[in-house]
Every structure is written in C-alpha cells, then in structure tokens.
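Chemist: What follows is a structure written as structure tokens; I'll ask about it next.
The values are calculated or read from the model by the stated rules, or taken from the named source; none is laboratory data. Since this is a predicted model, take the numbers as computed values, not measurements. Don't worry about glycine lacking a Cβ; one is built from the backbone with ideal geometry, like all the others, and counts go over all protein chains shown. Heads up: the accessible areas ignore ligands, DNA and RNA and are worked out on the full protein's heavy atoms, side chains in. Shrake-Rupley method; radii C 1.70, N 1.55, O 1.52, S 1.80 Å.
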Amino acid sequence: MAAVTPLLETRGLSRSFGGLKAVDRVDFTLQPGEIRAIIGPNGAGKTTFVSLVCGRFPPSAGKVIFDGEDITALPAHRRVRKGIAYTFQITSIFSRLTVFDNVALSVQRALLSGGGLATASLKRGAIEALERTGLADRAHETAGNLAYGHQRLLEVAMGLALRPRLLIFDEPTQGLSDGEIEGFVTLVRQIAQDATVLLIEHNMPLVMALAQTITVFERGSILAEGTPSEIRDDRAVQDAYLGASADDD
Amino acid sequence: MSGPAVRNDRPMAAALLHVAVVLVFVALQYVLPDYHRAVFSRVLVLAVFAMGYNLAFGYTGLLSLGHAMFFCAGLYGAGMTMSMLGWNVAAGLVAGIVCGAALALVIGLLALRTTGVAFMIVTLMFAQVLYLVILYFNEYTGGDQGFSLRPAARQLGPFDLTDPTTRYFAALALFAAALAVTLAIVRSPRGRVLVAIRENEDRVRMLGYNVFAAKLAAVVLSGALCAAAGATYAILFGYVGATFATIQYSILPLLWVLLGGAATALGPLVGTLFMYYVVDITSNYTTAYLLFVGVALILLVLYFPKGVLGTVRERWLPWLP
Ligand SMILES: Nc1ncnc2c1ncn2[C@@H]1O[C@H](COP(=O)(O)OP(=O)(O)OP(=O)(O)O)[C@@H](O)[C@H]1O
Ligand SMILES: [Mg+2]
C-alpha cells in the first residue's frame, strides 16, 4: 500500500495576493486513479490552488511534486506536457475558430509529444474527443456561437484530447442543465478509467456521487478531508460550508 | 454524414488560386504599359514587406510599430555588403535576409517580454534607434542621402536586374516565393498555433505550447521576409536610404495589411497595390493627397472592416487562406 507514489503532492504550497493569503501552506496528496473533489465557499482559494498546481502563476512558497518529480520551477506548458491538463472556470476557448479546430489544437499537442503528427490521427483524435463530449455533429460550427453549455463541454473536450494523466476541472457544471450534468457524470467516470480527476465543484449531489475523497478548502487552507459520508457528517465542514441546512441534528 | 472534415480547408482550390494569381502577373508583364509595369515591380516587392508584417500582425496578433527596421536590415544588409565589400547579388540577398532574421531574433527576445501597447512602443523605439544609428554612421550609410548601387553590381548571372522586364520577373519571383513560404507556414500545424495565440494566448499555453517560443519564431520569420523585401528592393532599384527607416515605413505595412485583409495570404498584395495607386493618382492632382488616403481608409474601415480579402473570406470564400 505505502509503495504507491502519489500522482500529485503539494508541500507547504502558498500564494498571496498583496496581503491576502489566497492559498496558505497547503499539504495535499492525490493518488493515481482517484476522483477527488475540492469543495469550499467562494473565495476559499480553490482556483488559486489548482492554478499553482498547473503553473498558471508561481507560488509564493512551497512545492508541487508530480509523479515523484519536483515541478515547482517548470513553466505551465511543460507541466501540460507532463500530463497535467486544466479546464478553465471561466470558459476559455478559441471562439472565432471552429469547434473542430479548438479540439485539433489539443490533439496536435498530444501528437507532437508522442512524436508523430499525421493528419489522419489528428482528425481521428479530434473526432473521438468530440464524440465523447457529444459535440461531434457541431464540429463545423464556430465555437463562439455554441450555447453556453456546449462551450463548457468543448472546454472539457479540449482537456480530454490532451490525453492527460491528471485532469483538473474547475467548476465544469456551472450553468449546465440537469441533462447535461448527467452526461458529464458519465463522462467523468469514463475518464477516470485511465486518468486521475481533480474536480472543483459546488454541486453537492454531484460531488457526493462522483468523488471517492473530498477535500474541503476554507480561507486558503484545507479544513477537512475524507469520504463523502465523513465530510457530510463533519461538524466543522457543516459550520463553514454546508451551512444551516445540515446542522440541526 | 461522413464525419467532419479537417478544418474549413479546400487545399486544391487554395493552391490553384495562388498559382493563378502568379500566372496573371506573368501575363500582365506583356500587357502593362512601361510606367505601370514599373509600379507593379515596386508594389510586388513592397507587398512582400507587407506579407512579412502580416505574419506577425495578422496571423500571430503582434502589433508592431517598428517593422521598418527589418526592411532596412535587408536593405542595408544587401546594399552595404554589395557596395562596400563587393559581394554579388546572391550573397547580398542572403546577407540581407540573415541581418533581418538576426535583428528580429534580438528584438523578439527583448520586445516579446511585453504585450499590447507596451509592445507597440518598444518596437517603435527600437526602429527609431536603428534610424538614428543609420544617420549617425553616415560615413558608411550615406545618412539621409543614402547611396546608390552601381548598375554593374546589379547583375545575377546572365540576368541584368536593371532591365525593366527582368526586374519585373525578379520581383514576381520574390513575391511567389514569399507567398509559398507564407502559405506553408500558416497551413502547417505550427502555423495554426500562431492563429490560436492571436485568439487566446492563455489557452494556448494551457494546451502545452510554448507561447514565447512560437511568437519568437513568428517574429524571426516575419523579420526575415521583410528583410528579403528590403534586400530585393536595394538590388532591383539600386537605392538605399534612411527614409525607409522612418516611422512612416513602419505604419505603411500595417495599413497595407489592414486594407487588404489581415491574416489573408493575398491581402497584403491587394492592400499595397490599392494604396500605391491611391497615392499615385491623387498626388497627380493635389498636394493634399494624404487627405484622399485618409478618406479611402475611412471608407474601407466602414465597408470592409476586415480588409478587402478578409471580407471576401467572411462572406463568400471561407476556405481562403
Ligand atoms: N489574480 C488575483 N489577484 C488578486 N487576488 C486574487 C487573484 N486571484 C484570486 N484572488 C483572491 O484570492 C482568493 C481566492 O480566490 P479563488 O479564485 O482561488 O477562490 P475560489 O475558491 O476558486 O472561489 P470560487 O468558488 O468563487 O471560484 C479570493 O479572495 C480572490 O479574490
Ligand atoms: Mg474558483
């Protein structure tokens, strides 16, 4: 049991913005194959934490270790090539390019790292990612013209197409319809068969259904960590986050 | 449905179109009156300058206000090696291109640390520095008078590049080569990344691309193309002067590209040709020709906000590269 190298580990990871400690000495461990959820109130530092993991900006202190290797000094694009993919909380697509082109850019990157970039595999990879997210018949549409929910799915498809080892979702279901959320749950289960998933999410039923372990952030630190039922019953979590709805018994 | 095709591509149509354009210019040589043939020779070379600019500005989204320096790197790189070291045309051309690429590498390494307005100012400043350097070393550069290349030096093997017909074909050859290079770049996988950087740089980085390296490559290629235009200009027209280093020659390629259509392969040619004739015709009638240039620009921005070919692509020919 102890022999497994964690896929991701952070030690004393911190980041301040001016005087504000957005992430404060976080020690975090993620095992390969997990579906992990991060929850916490608005402004708790969840986005900042995963941004430090994927290198969008540097930490003020601490380390990020990916698959046993210290990657704290690596620029973001190198981390992506090592297998860390990030899907943005605020939808970030190439809105003037077609849906196909958006995904093709991811596939192309994965193929370049793999050594061979043939048009046929580019096309196959892009179609596969679009099919998995249910966007295949919209491949020719301009990405910016998609409905909001579909843009979120495109964001997911771009992450998928990178074939990452760790896929980080930052509130992927925000603004999705119930039907779309159901599809997303299925998709994440599928992805988790060959990748590790780190999911920031406010939708509690979804988190309870998907995650094996939940990490609760509050004011830049980890408040609690445990299985869904442990978290549900945790007094401190109820006070901090789940609020009045859960604390009367 | 047979599944989505790869991008909005019609490679055959695109290739045929560009071959046809070059052939039309070959034919024009035989029908154009002397005066217009001379204009076209000049426009073809300047269009390559605009194509180089388009690679940085149109495709990659880098708004530089200093591209005159790359044109001048080619102009002086060829002109000075030929006049002072006695190099031949081919060596002069290569020297010019190498100077442009090397300058672009250095400028890129420094200027690409900035973005947006800061990038515009930094590139403008570097171009101004080059202009002052050219004036300062007037002993070698001829200062603002410039210098001429002897006709005897402007021979390439059996070809006399001072002859109007040869000159026209030489300009067209350069243009065709630049067109082929541009198309090869922007249709390649790496070239797609440049467009993606223009659209959403942060996303490109988070897809695992080294954005800085890609931009630097774009600047170097852009600088090399502009320098090829500058070197050819020196060789074909025999004149090297500091006017080409002024801010005006950094603004012009921007206007040409905007007029013709940013991020279209043929747009720079359309823009350069159009603007050249607007200036040429109006300046025959009035000294206030810049007023007409201004009016033409305003009309174009109103009716063709994406430039002539940008609008054509948007409305009718989505496959236009
Ligand atoms: N670039 C920044 N500059 C300054 N402050 C920032 C920056 N990014 C985040 N913050 C601040 O850091 C704190 C943590 O923000 P973060 O976005 O990580 O929270 P979050 O847990 O993702 O919240 P939400 O659930 O609303 O997405 C907030 O107080 C936020 O205002
Ligand atoms: Mg957030």
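Chemist: Report the FRET efficiency, 1/(1 + (r/R0)^6), for residue A:29 and residue A:60, where r is their Cβ-Cβ distance and R0 is 25 Å, rounded to 0.05.
Modeler: Efficiency at R0 = 25 Å is approximately 0.75.
Chemist: Report the one residue of B:132, B:29, B:196 whose Cα lies farthest in the direction of the positive end of the charge dipole of chain B (charges on C-beta: Lys and Arg +1, Asp and Glu -1; origin at the Cα centre).
Modeler: The residue sitting farthest along the positive end of the dipole is B:196.
Chemist: Please work out the FRET efficiency for the pair residue B:137 and residue B:280, using the Cβ-Cβ distance as r and a Förster radius of 30 Å; give the result to the nearest 0.05.
Modeler: Once the sixth-power term is evaluated, E becomes 0.35.
Chemist: Quick one: with all protein chains in place, what share of the accessible area of region B:20-247 is carbon or sulfur, to the nearest percent (1.4 Å probe)?
Modeler: So the carbon and sulfur contribution to the accessible surface is 70 percent.
Chemist: If you take the alpha carbon radius of gyration of the protein assembly as shown and divide it by 2.2 N^0.38 Å, what ratio comes out, to two decimals?
Modeler: Computed over Cα atoms of the protein assembly as shown, the ratio equals 1.16.
Chemist: Another question about this same structure. Quote the convex hull volume per residue of region A:92-163, based on C-alpha atoms, as a whole number of Å³.
Modeler: Here the figure is 71 Å³ per residue.
Chemist: Moving on. Under a Cβ-only charge scheme (Lys and Arg +1, Asp and Glu -1), can you give me the dipole magnitude of region A:92-163 about the Cα centre, in debye to the nearest 20?
Modeler: Here region A:92-163 has a charge dipole of around 140 debye.
Chemist: Now for a separate question. Quick check on packing: order B:126-134, B:261-269, B:296-304 by the mean number of other C-beta atoms within 10 Å, highest mean leading.
Modeler: So the peptides B:126-134, B:261-269, B:296-304, ranked by packing, come out B:261-269, B:126-134, B:296-304.
Chemist: Using mean Cβ contacts within 10 Å as the protection proxy, how do A:108-117, A:43-52, B:172-181 order, highest first?
Modeler: A:43-52, B:172-181, A:108-117
Chemist: Here's a follow-up. Can you give the average number of partner chain beta-carbon atoms within 10 Å of each beta-carbon in peptide A:136-147, as a whole number?
Modeler: The per-residue average across the peptide is 2.
Chemist: Shifting gears a bit: For A:85-97, what's the mean count of beta carbons from other chains sitting within 10 Å of each residue's beta carbon?
Modeler: Going residue by residue through A:85-97 and averaging, the value is 3.
Chemist: In addition: More than 23 angstrom separation, counting every C-alpha pair in region B:55-193; what % is that?
Modeler: Pairs farther apart than 23 Å: 46 percent.
Chemist: Starting from a Cα-only point model with no solvent, please compute log10 I(q)/I(0) by Debye for region B:205-259 at q = 0.22, 0.23, 0.26, 0.31 1/Å.
Modeler: At q = 0.22, 0.23, 0.26, 0.31 Å⁻¹ the computed log10 ratios are -0.97, -1.01, -1.10, -1.16.
Chemist: What FRET efficiency would be calculated for the residue pair residue B:63, residue A:212, taking the C-beta separation as r and a Förster radius of 51 Å, to the nearest 0.05?
Modeler: Using R0 = 51 Å, I get an efficiency of 0.55.
Chemist: Further question on the same structure: To make sure I understand the rule: partners must be lysines, Cα under 30 Å from the Cα of residue A:21, and not fewer than 8 residues away in the same chain. Which ones qualify?
Modeler: Partners found: A:46, A:63, A:82.
Chemist: What does the convex hull of the Cα atoms of region B:143-250 come to per residue, in Å³, rounded to a whole number?
Modeler: So the per-residue hull volume is 136 Å³.
Chemist: For region B:20-247, what is the accessible area per residue in Å² when the probe is 1.4 Å?
Modeler: I get 39 Å² per residue for region B:20-247.
Chemist: Work from the charge dipole of region A:92-163 (Cβ charges, +1 for Lys and Arg, -1 for Asp and Glu, about the Cα centre) and give the residue of A:149, A:133, A:160 farthest towards its positive end.
Modeler: Projecting each Cα onto the dipole axis, the largest value belongs to A:160.
Chemist: Only Lys, Arg, Asp and Glu count, each charged at its Cβ (+1, +1, -1, -1), so figure out the dipole size of region B:192-321 about its Cα centre, rounded to 20 debye.
Modeler: 320 debye
Chemist: Still on this structure, I have one more. Counting residues in region B:201-321 as N, plug N into 2.2 N^0.38 Å and put the Cα Rg over that result.
Modeler: 1.28
Chemist: May I pose another question? Just how many % of Cα pairs in chain B lie over 28 Å apart, if you round to the nearest whole percent?
Modeler: For chain B, the fraction of Cα-Cα distances above 28 Å is 40 percent.
Chemist: Mind ranking B:71, B:57 by accessible surface for me, highest first, 1.4 Å probe?
Modeler: B:57, B:71
Chemist: Hey, which aspartates and glutamates would be in cross-link range of residue B:215, C-alpha to C-alpha under 15 Å, not counting anything within fewer than 8 residues on its own chain?
Modeler: B:199, B:201, B:202
Chemist: Quick one: divide the alpha-carbon radius of gyration of chain A by 2.2 N^0.38 Å and tell me what you get.
Modeler: Normalised by 2.2 N^0.38 Å, the Cα Rg of chain A equals 1.02.
Chemist: Looking at the P(r) of region A:114-249, how many percent of alpha-carbon pairs lie beyond 23 Å?
Modeler: 44 percent
Chemist: Okay, next question. Taking each residue of B:192-204 in turn, how many C-beta atoms of other protein chains fall within 10 Å of its C-beta, and what is the average?
Modeler: 5
Chemist: Would you work out the charge dipole size for the protein assembly as shown about its Cα centre, treating the Cβ of every Lys and Arg as +1 and the Cβ of every Asp and Glu as -1, and quote it to the nearest 20 debye?
Modeler: With Lys and Arg at +1 and Asp and Glu at -1, about 1680 debye.
Chemist: Lysines within cross-link reach of residue B:306: Cα-Cα under 20 Å, excluding same-chain residues under 8 positions apart?
Modeler: Counting by Cα, and skipping residues close in sequence, residue B:306 has no lysines nearby.
Chemist: From the alpha carbon gyration tensor of region A:64-134, can you work out the equivalent ellipsoid semi-axes (sqrt of 5 times each eigenvalue) and give them in Å, largest to smallest?
Modeler: 25, 17, 11
Chemist: Take the solvent-accessible surface of the protein heavy atoms, probe 1.4 Å, and return the percent of it on region A:92-163 that carbon and sulfur atoms account for.
Modeler: Summing carbon and sulfur atoms, their accessible area is 47 percent of the total for region A:92-163.
Chemist: Another question, then. How big is the convex hull of the Cα atoms of region A:148-193, per residue, in Å³?
Modeler: With only Cα atoms used, region A:148-193 gives 63 Å³ per residue.
Chemist: Would you mind checking region B:148-173 for residues with the amide N under 16 Å from a putative spin-label position 7 Å along Cα→C-beta of residue B:90?
Modeler: In region B:148-173, the label zone of residue B:90 (backbone N under 16 Å from the point 7 Å along Cα→Cβ) covers B:154-161.
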